[in-house]
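The values are calculated or read from the model by the stated rules, or taken from the named source; none is laboratory data. Model, not experiment: these values are computed from the prediction. Quick reminder, even Gly has a Cβ in these numbers, built from the backbone with ideal geometry, and neighbours come from all protein chains shown. SASA here: full protein model, heavy atoms, side chains in, ligands and nucleic acids out. Shrake-Rupley method; radii C 1.70, N 1.55, O 1.52, S 1.80 Å.
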Amino acid sequence: MKLPPEIEFHQDIRLLIYRPRGLIDETAINKIIGVIEDLEAETQEPFNRFSDTSDTHEVELNFKYVIRISLHWRLSHKGRAPVKSAILATDSTLVHYARLLALLTQGSAIKVQVFQDRKEAAQWLGVPLELVATKPPAANHSG
């Protein structure tokens, strides 16, 4: 599967890395959700996620949309193996929406945590810090 430049998938360690740049809006979120759902269908195995929002500069989301997406994730992962989703966010608006996502998915198979420290996110995910470094590797990994 050909991935967009802001997404890496490390199949060997079951980790998707998402590094959006610039604007985060419904279109950007719908795009990453589509990629995740395609990878889930293709691999038939759960995988963790790391979202690095440090290169985003604008957020155009609303509560209704975030609530709808949170409920979608809860329902679509019902009865599945647990996965972790670490969100690195320092922008106050993104932190707010990420915490809302974490709250609304609480008790489901998706465990969302919001981090302001990259090292803590890597430790929680159980991956090397270098993997979630600020500069992505030269090429996307798909297996």
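Observations, loosely collected:
- Subset of the range 108-124 (residues that are of a type outside the set (S, T, N, Q) and either buried (at least 16 other Cβ atoms within 10 Å of the Cβ) or under 15 Å from L15 (Cβ atoms) (or both)): A109, I110, K111, V112, V114, F115, R118, A121, A122, W124
- Members of the range 1-17 that are open to solvent by less than 20 Å² (accessible area, probe 1.4 Å) and under 17 Å from V132 (Cα atoms): I7, E8, F9, H10, L15, L16, I17
Condition check ((1) surrounded by fewer than 12 Cβ atoms within 10 Å (Cβ to Cβ); (2) in a helix (DSSP H, G or I); (3) on the phi > 0 side of the Ramachandran plot) across all residues:
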{"site": "T27", "(1), (2), (3)": "yes, yes, no"}
{"site": "I32", "(1), (2), (3)": "no, yes, no"}
{"site": "E37", "(1), (2), (3)": "no, yes, no"}
{"site": "R49", "(1), (2), (3)": "no, no, no"}
{"site": "Q106", "(1), (2), (3)": "no, no, no"}
{"site": "V127", "(1), (2), (3)": "no, no, no"}
